[in-house]
Amino acid sequence: MSGILMAAGGTDLDSQQCISRGAEIQRLGWRMRICADQADAVLARLAQLQLEQWESPAGRAYRTTLALQAASLRRGRDALHEAAEATLRHAQNVATKLQPGF
């Protein structure tokens, strides 16, 4: 593995590489949060479309399809929120381990 030196006690990462990777992990977590927020905006628009009153069978079928797509998007958004939080916690753990005394 590049950037990893094998020591007698296990692996040891260069501090600068750790700091850089921690920052990259944090940026990834924030990008994931932004994507989840964008999914929220899409869900809000889908909700507006579902409120429109289409009385025809095709209109009802369209609203049903929108509801199914919205449910799927909500599940994806929730998973993305969870993944973003886990990623940001990991970035925080990396930063904490680099502080003196740890």
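Worth pointing out:
- Annotation note: Cβ proximity below 7 Å between a residue of the stretch 49-60 that is of a type outside the set (Phe, Trp, Tyr) and a residue that is surrounded by 12 or more Cβ atoms within 10 Å (Cβ to Cβ) and not in a helix (DSSP H, G or I) (sequence gap 6+ or interchain) occurs for Arg60/Trp54.
- Annotation for the stretch 25-43: no member residue is aliphatic (A, V, I, L, M), under 16 Å from the mean Cα position of the chain (by Cα), open to solvent by less than 80 Å² (accessible area, probe 1.4 Å) and at pLDDT below 90.
- Leading residue by the ranking (farthest from the chain's Cα centre (by Cα)) among those in the stretch 93-102 that are of a type in the set (S, T, N, Q) and open to solvent by 60 Å² or more (accessible area, probe 1.4 Å): Gln99
- When the stretch 58-71 is filtered for residues that are out of contact with any helix residue (DSSP H, G or I) (no Cβ under 8 Å at 6 or more places or on another chain) and open to solvent by less than 40 Å² (accessible area, probe 1.4 Å), the ones remaining, listed by number, are Gly59, Ala71.
- Answer residue from the stretch 72-92, given it is of a type in the set (S, T, N, Q) and surrounded by 12 or more Cβ atoms within 10 Å (Cβ to Cβ) and is modelled with the highest pLDDT among those: Thr87
- Entry remark, the stretch 54-74: residues being over 25 Å from Ala41 (Cβ atoms) and outside any helix (DSSP H, G or I) number 2 in total.
The values are calculated or read from the model by the stated rules, or taken from the named source; none is laboratory data. For clarity, every value in this text was computed on a predicted model and none was experimentally measured. Here Cβ is always computed from backbone atoms with ideal geometry, including for glycine, and neighbour counts include all displayed protein chains. These area figures cover heavy atoms from the full protein model, side chains too; ligands, DNA and RNA do not enter into them. Shrake-Rupley method; radii C 1.70, N 1.55, O 1.52, S 1.80 Å.
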